[in-house]
Structure formats: structure tokens, C-alpha cells
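Worksheet: one structure, shown below.
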Amino acid sequence: MGSHRSGGATLFALSARQVTKRFPGVLANDRVDFDLLPGEVHTLLGENGAGKSTLASVLCGLYKPDEGAVLRNGTQVRLTSPRHGLQNGIAMVHQHFRLVDRFTVAENVVLGHRKLPFRLRANDLEDQVGQVAERFGLPLDPRAVVGELSAGQRQRVEIVKALYHGAEILLLDEPTALLAPPEVEKLFETVRAMTQAGKSVVFVSHKLGEVVDISDRVTVMRDGRVTGSVARGEADTRKLAELMVGRDIDLSPRRSRGEAKGTLLSLSNVGLTKDGVDHIAQVSFDVRAGEIVGVAGVSGNGQRELAEIVAGLIAPTSGEVSINGERVNGVGTRNVRKAGLAYVPEDRLGTGLAPSLSIVDNLVLTRDRGFLVDRKSAHAEAEAFIAQLEIKTPNALTATRKLSGGNSQKVLLAREIFAAGNNSRVLVVCSPTRGLDVGAVEAVHKLLDEARSAGKAILLISEDLDEVLTLADKILVLYRGSVVHEAMGDQVDVEAVGLAMAGLS
Amino acid sequence: MIIGNYRIELEPRLSTPKWLYAAVPALSLLFAFVVGGVFIGLTGHSPIGTLSLLIERGYASTKGITNTLGSATPLICTGLAAAFAFRMNLFNIGEEGQMYLGMIGSAWAGIVLAGHLPGFVAVPMVLLFGALCGALWVLLPAVLRAKLGTSEIVSSLLLNYVALNLVNYFIFGSRGIFRDPTTSFPQGRLIEESARLGSFGTTRTYPTVLIAVALAIGLYWFMKRSNYGYETSVFADSPNTARYAGMSSTKLTLSVLLFSGALAGLAGSMYVVGPAGKVDPGLLQIGLGYAGIVVAALARYNFVAVILTAILFAGLREGGASLQISSNPVPISIAVVLQGSVLLFALGGEVFRRNRLRIRRVQQVSVAS
């Protein structure tokens, strides 16, 4: 870490010196040092709330540091706004894109540029934008309307926009979260083209995935401080995870240890057609007791519809869903639950849990309640879960929205797997670790593994391929509503799965 | 905001200390009186003298407090009606009209049905009819909302005007059953004596105040403990979660709006069995339905707190009105100014319960270009 300090021979493209940033009740950055070399790919790694996004926001001019300084090419700069940051060649691509949906790509890219002529010539602008895109290997049609583009394409628009405005340093916040594997590969090619042109790239990420692999250097943050900065090859993922979380983390694959028993959930030729569009087409599979079937796929390929069909929220237009041999097509959520289904939706706060209600009240949600609600037993149950699952909360009456993502997910999983009066045998789980910390991911995976060992039939629908690969005994790939690929968990060809997710099989 | 060398900011509180729950409303009330006092001063009266007279005539004298309790009675009901719907994010603005319909329904039952019935049957029946008519008056907005998602704010509000003209029609526009046949002067026909309640002694407080208070406490308990209260709180917090748990949004929306309408209707009934005894166009002048919305907002939609805010509001009105009876009368508009400033400061005070004010010195930072 201490090998290059400012004032030495190396001139850093961008540095943070002893940056401190406070928010009410939180010390988001505590005397943070950070150095970025020209032409370098650098990952800023840390859990949610570790302070990495705050640091990135300070570096791009969105926040002003309370103490400390930002240095550009060795000289201190006091950035007052992101625009001011951009004037210094620093740009950030946020996780939630900031584009105008109804504008074309070219219009979005030139938006905010100070030196536009009074009369905009669409053709000229489109040519300019096209040139920038081509130079960095970003296939984009400047005339396309942004609202019709995929997440990956929108990200490209953001990157082209930054480059068009003269960015030398690009900060990318969770850039792979929304991308399919081939799109990720494409992004990396762009990043290589940029570094070859002398530009620097910072990935801000909480995942020990692919971004770490292509980085020249990884700086790890925890609780607002830098816990380590390592060059490529100096540390493996396990070591990085330890730096992130502060303890040893086990993310190795978990498979069924026993033999799977009888079929509990069965779909045969299930289809959903709405307004002439097939959202789900001819999907058939079985889930047996004691196994996890994983459904992989890029977001928006029918995962939500599939989950809602199984959970009884919507009725399929063809085919049959049965739980424990009982046909449950569109019988409604209450009856599907009675038939033995538990459901952990993707949107945990806002669908699975009522955000302003307490942990106790959320445990009551799927119980049979009678005329008066029995909160006494729910309170005892909540306290037992809090102790058992190490849910961090002031008490059992805390509103679930005040919990961290990992802790609220534990409440939801506890209710759907272990809660009293829950005699479910089938569990449908959607993207259970989306946005969670490494430590919480480990805990959630352990819970699902325990539920499997307890003989539940689990359908895991996740956009996170790593998660499916880690947990599933059998893997299905969903593309445009159809199952296009099937593999057993322990003999999976990752490349084939990736291609199938992109619809290239 | 930056003033001179100081930066003034509102910062969200991480937790709210308990004492603030009492201090913020108390201070809001104080500030409201200060602002009201300024206006009293402008009219040439002594602010402190006038305010203390208002407090005495609104709350502190036997006559004052019993008058206040009497006019607070229907206000508690409309306040409960508003609070009940608003808690589920259903904005029933039609309490005014539902209350008129309650008055009409009660009067009808009191004239037509109460004839030979003893009081202990007639009074509850009359009250029930009023509640029923109040509920019916919100049926259309409720169905439109539940089935088509039409804004209940607009539809329930518009029905207020229909109800208003309905009352005017029954009394001034026609010679129907509601009109007193014995006089040529248009006024309401009195309901059967057995269907009316006498006031306590010589006061203007009626036993219906006990019903209103019992309703408030009962509702508080019921919504806190029952499955119905639980389901509405889930639905209010997150409709998707309610759908996930298999609750019927149609049933919940309909039942909440109808019950809210029934509570507002009951306000009209209490006016009939109590002071009025008939369909009285005088009720149209007071705006108890709209005031109920204000009372509920002040109470932060807490049913028990509605009792207190309704009494506060009714007292301002009673005290304000009685200020006109003096050698040097204060205009009645002053009472309205006071009500307005109480509401404004009470709602504004919320900001300070949730946030705290921070004043910090700032150094001027030179901006590098």
C-alpha cells in the first residue's frame, strides 16, 4: 500500500488524501487514501455501507469532503459539482442511469454540453457521437431512442456520454449488476480500449466477481476505512472477502447431500400469453423434495411471471402447475399456501414484507390470524429468530425498513421457512441475495441449504448466475419465457449457460 | 440556507426523543396563539386579555366547556371518519355530505319509524339509520375506487355539493316529509320525542358525547388488535404486500370507505337526536365535515387523539363566537384565524419532530475553476 505516496516519482491521475465525510449518525469515510494511476483499472471493493460509493461521489464532485483533499494529477482540486468534476476529466456512471428515455442516443450524449451551436444539426451530432462510440468499441446506434434500449446498451450510452464530454477518468458504480455475461465481456473490451488510450477506470463494486479479475489493483473498504489495497495476483477472492467482511467467508458450492425424494412441485407445458405476447412458453420441470432447482437468466426473460404463476398470484393461460399432486392453477395465493407453498419474492421490502410494520407484524403476515391477532406468540417467535439467525435490530418491534437488506431478508426467509404454522414443503425464492453483502449472502445461502436438507423442494430463480451455480442441484436457463438449456449442478458448462442466457445457444 | 457566516440546515433525526411528542404540539399551540395575538392586536384589542377570555369561555368555565363538549360531539365523529379512511391512504373528503345524509336518514327514521317505539329502541335505530345513509352516500365513490381506481378524493368531494342541495331541497324547495307542515316558514319537521335525547341538565352537552368517546376508544383498540386492523395497516403500508399475502384490496377499500361514511353519517345523526331534532339547514353553515379532516390531521390520525383535537377545535369556535358578546366585541374571524394558525403550526411542527435544526459556522470556500 505505502509504496507510492504523493510527492514521489509517480504522478497519480487521481488521489484522495485523508478524505473524511460524515452523514447524520454515520462516518461514511474515515481518513481515506486512494490512488489511481493513468491507464489503470482499479476496483473499489466493499460491502453496502462500507463507504465506497461515498468515496466515488467525493472523487467525481457530487459530495464535498468534510476533511481531506482530492488531487488531480498531483494538484489539489476543490470540486463543487459533477459538472466541475467533468471539466477536470472525471465522470461517474451511476448504477441507476441518468438518461432521458424519450431522447435519442445522440441527444442524450450531447445533453449538457456547453459548447453546442445554437442550431443543432442532428446529422453532425449523430456522426460525432458515432465516432466516439466506434473508437472505444461501443456498438451503438446514435439515432436509437434510449427508452427502447436494454440495460447494457444504456450503460454504453452513459459511457459514450462521459467520453464525449472529455472524461479521462471513469467511475463505474456496480457496472455488471444488470448485464448478461456476454454484455459483461463487451464492457471489458471497452474498458481495455480506454486504458490503452491512457484513460483510467474505477469499478465500484460489492461483488467479488469478474470486475476484480480484470482489475490491476483492488482497494478494499470496510466501515468507512480502507482495509487493504492489493495489486493483481497478490490476493485471491477468499483473502479479499476477508478484507471486506473482517472474517473468513465460505462461498464454496453447496449441493444436496442426500438423495432427492418424490416430486413436490411440478410444471407441465405452462404458458402465459398476454396481449398476444408469450411471456412464458411451454415450461415443464419438476422439483423434488430435498433439491434446489435453479432458474438462471437475464432479468426480464419471464422470471417474474414464472414465480408469480407458481405462487398463485397469476393464472397461467395454458398448462398445469401442481403442488404435492394437487392442481393449483390460479387458485389464489391463500390456497396455494394451503397446498404447501412458501414464497420469497424478489422485492423483499414492498412485496414480501410490509416496510413500515414491525418484525413481529411481518411474521404474522402469512399466518392464520382469526379475529384478533395473536402478537404475543409472534413476538416470542421474532425474538427466537433474532437470536438464532443473528438478525441485527434494536428489537422485535423495529420496522423492517430500518433493517439492512441482509437482515430484512433473514426475517423474510425465517417466516417462509421456519415460522410456526408454516407447513410448507415447496419454497420459491427469487433473487434472494440481490444487493446483499458478502456476509449476508453467505448467511442466506446457508439458510437455503438448511431448508433443502430439511427436505423442502426449492425453486431458486435468480439473475445472479454465480448464485445459481453455487446452490442448484439442477440448472435451467430461461430465455424469452422458454427453458433453453438444462444442466446438472455439479457438471455444468458455465460457458454454455452464459451463451444460453444471451439467447445464443 | 446560508445566512451570513452561518449555515442553517435541517437534519433528519435518527430517533425522536419521547419528550418531543409533547413539546412539539405544546410549542406549536403557543406559536399559533402568538400569531393569533398579533392579529387580535391589529384589531385594536389586547391580545393577552382577549386570548384569556377566549380560553375561559371556550374551556375554563362550566358553561364554556359544556358548550364545547356539545359541539365537539359530531366533530369527533367526522374526525374519526376522516382518520379511519386516511389511515388506509383512502382520502374520503366527503364527510360533509355524508353527515348531511346522516341527518336526513336519522330524521326520516325519527319521523316515520320511531312512532310507538320506546326510547331505548328508537334512539339506537335513528342513529343506525343515519350511519347507514352516510355509508350509502360514499358507496358510489367507494365502488368506483375499488373497481376502477377512480380518485375517491374528487368523487367524494363532489357529492358534498349534491348532498348540500338535497338538504336545501327538502326544506326550502319542496313540501315533503322533512318539512314542518304546521308553519309556512320553511323549517324541518321535528322527529318523535321518544327518539330524542335530552341534554345533561341545563348544559348543551348531550349523552351522545359518551357514544362518540366510546367509539374513538373502541376503534383504537379494534384497529390495533383485530385482524381487520392488521390487514388495513398492511394494505396502507404496501398494497403489493397485501396482494402477496392474499388480502382482497376490493374488500378492504370498500369496507374502509363505507365505514368512514357511516361514522360521518353518525355525526349528522347525533345532531338530530341531540340539539336539532330535525333536518336543520343550520348544520350546513358550520362545516363540521371539513373540520373533521383538520381534526384528524391534527391528531395524526390517532383515534384517541381525535377526541382531544376535536375538543380543542370546538373550544376555539365556541370561545371565539362568545367573544362577540361583550362590550367591545372581537370579530368572529379572529377565531377562524386562530384555528388556521393552530393547524398550520401543528403540521409545521412535524418537521421539527422528524428533523433537527443545525446551525453551523461556515468558512467561505474559494472556488477553483
Of the criteria (1) part of a loop (DSSP other than H, G, I, E, B); (2) within 21 Å of the chain's Cα centre (by Cα); (3) within 26 Å of residue A:380 (Cβ to Cβ), which one residue A:413 fails: (1)
If only one of A:499, A:478 is touching a Ser or Thr at 6+ places or on another chain (Cβ under 7 Å) and among the hydrophobic types (A, V, I, L, M, F, W, C), which one is it? A:499
Can you report the number of residues in the range A:230-256 which are buried (at least 22 other Cβ atoms within 10 Å of the Cβ) and either assigned to a loop (DSSP other than H, G, I, E, B) or not hydrophobic (A, V, I, L, M, F, W, C) (or both)? 0
Condition check: of a type outside the set (Asp, Glu), more than 17 Å from residue B:338 (Cβ to Cβ), at pLDDT 85 or above and out of contact with any Phe, Trp or Tyr (no Cβ under 6 Å at 6 or more places or on another chain). Does residue B:66 satisfy that? yes
Inspect the range A:45-65 for any residue being assigned by TED's automatic domain parsing to the domain that holds residue A:191, part of a strand (DSSP E or B) and buried (at least 16 other Cβ atoms within 10 Å of the Cβ) and give the result as yes or no. yes
The one condition in (1) within 14 Å of chain A (Cβ to nearest Cβ); (2) surrounded by fewer than 24 Cβ atoms within 10 Å (Cβ to Cβ) that residue B:200 fails to fulfil: (1)
Quick test for you: out of B:101, B:132, B:158, pick the one residue that is assigned to a helix (DSSP H, G or I), surrounded by fewer than 17 Cβ atoms within 10 Å (Cβ to Cβ) and either of a type in the set (A, V, I, L, M) or in contact (Cβ under 8 Å) with a residue 40 or more places away in the chain (or both). B:158
Output the residue which, of all residues in the range B:1-35 that are of a type in the set (Gly, Ala, Ser) and part of a helix (DSSP H, G or I), is farthest from the chain's Cα centre (by Cα). B:23
Among the residues of the range A:22-37, the number that are part of a strand (DSSP E or B) and within 13 Å of chain B (Cβ to nearest Cβ) is 3
Residue B:223 vs (1) within 14 Å of another protein chain (Cβ to nearest Cβ); (2) surrounded by 22 or more Cβ atoms within 10 Å (Cβ to Cβ): all pass except (2)
Residue selected from the range A:371-388 under the condition in a loop (DSSP other than H, G, I, E, B) and surrounded by fewer than 19 Cβ atoms within 10 Å (Cβ to Cβ), by the criterion nearest to the other protein chains (Cβ to nearest Cβ): A:371
Determine the pairs where a residue that is of a type outside the set (Ser, Thr, Tyr), located within the range A:185-196, has a partner that is part of a helix (DSSP H, G or I) with Cβ atoms under 8 Å apart, the partner being 6 or more residues away or on another chain. A:186/A:152; A:187/A:152; A:187/A:155; A:188/A:210; A:193/A:135; A:194/A:163
For the range A:130-153, name all the residues that are closer than 19 Å to residue A:300 by Cα, without any contact (Cβ under 8 Å) to a residue 60 or more places away in the chain and part of a helix (DSSP H, G or I). A:146, A:147, A:148, A:152, A:153
Can you run down the residue pairs with Cβ atoms below 6 Å, 6 or more apart or on separate chains, where the first is in the range B:184-208 and within 20 Å of residue B:124 (Cβ to Cβ) and the partner is of a type in the set (Lys, Arg)? B:190/B:278
Check residue B:220 against each of (1) of a type outside the set (D, E, K, R); (2) in contact with a Phe, Trp or Tyr (Cβ under 6 Å, 6 or more places away or on another chain); (3) closer than 30 Å to residue B:111 by Cα and name the one condition it does not meet. (3)
I need a count of the residues in the range A:326-343 that are more than 8 Å from chain B (Cβ to nearest Cβ) and in contact (Cβ under 8 Å) with a residue 24 or more places away in the chain. 4
Just give me the residues in the range B:236-258 being touching a residue at least 40 places away in the same chain (Cβ under 8 Å) and within 19 Å of residue A:337 (Cα to Cα), in sequence order. B:249
Taking residue A:224, is it buried (at least 18 other Cβ atoms within 10 Å of the Cβ) and not polar (S, T, N, Q)? yes
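Listed here are the residues, each with its yes/no results for (1) within 14 Å of chain A (Cβ to nearest Cβ); (2) buried (at least 17 other Cβ atoms within 10 Å of the Cβ).
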position	(1), (2)
B:180	no, no
B:187	no, yes
B:191	no, yes
B:211	no, yes
B:216	no, yes
B:230	yes, yes
The condition from (1) of a type in the set (A, V, I, L, M); (2) out of contact with any Phe, Trp or Tyr (no Cβ under 7 Å at 6 or more places or on another chain); (3) assigned to a loop (DSSP other than H, G, I, E, B) that residue B:197 misses is numbered (2)
Residues (touching a residue at least 60 places away in the same chain (Cβ under 8 Å) and more than 7 Å from chain B (Cβ to nearest Cβ)) located in the range A:344-370: A:344, A:346, A:348
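The values are calculated or read from the model by the stated rules, or taken from the named source; none is laboratory data. Computed from a predicted structure; not experimentally measured. Quick reminder, even Gly has a Cβ in these numbers, built from the backbone with ideal geometry, and neighbours come from all protein chains shown.
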